[in-house]
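Read-outs throughout are calculated quantities, based only on the coordinates presented, and are distinct from any laboratory measurement. Keep in mind the model is a prediction, meaning the values are calculated, not measured. Reconstructed Cβ throughout: ideal geometry from the backbone, glycine too, with neighbour counts over all protein chains shown.
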Amino acid sequence: MTWNRIEELGLGLLGLAPAALYSLTFEELGNAVRGKRQSEEIRERSDWERTRWQTALLLNVHTKKGAKITPKDLAVFPWEEAAHKNKPQLDGRRMLQSLVKNRK
């Protein structure tokens, strides 16, 4: 790793002041970068799950009374796949056909 890359990570990604960056050990800098990336990944997952939830709510307005589309019917994310492997998932075409059929 070059010194320029270390400064990019410390000053840019982490937003550290130069004095704070230069006082860190390489292990501390690595831990800080990993922590920052994990935090961003958690936020990103939350955003995707919120979008999926909102979409399910919007679609449920158009479904037949008693029918329900759950967020996981729409998409299963990679971080959820291990828990969801045994459950059959609807494909997009069947879901749309079901919505059209139930609307009539």
* Could you go through segment 47-54 in sequence order and give the Karplus-derived ³J(HN,Hα) for each residue, using 6.51 cos²θ - 1.76 cosθ + 1.60 with θ = phi - 60°, rounded to whole Hz, and x for Gly and Pro? => 4, 5, 5, 5, 5, 5, 5, 5
* Could you list which residues have their amide H under 5 Å from that of residue 16, counting only those 5 or more apart in sequence or on another chain, with H placed in the peptide plane? => 11
* Asked: Between residue 42 and residue 68, what FRET efficiency follows from the Cβ-Cβ distance if R0 is 30 Å, with the result rounded to 0.05?
  -> 0.60
* Can you give the translational diffusion coefficient of segment 7-47 in µm²/s, computed by Stokes-Einstein from the Kirkwood radius over Cα pairs at 20 °C and 1.002 mPa s? -> 201 µm²/s
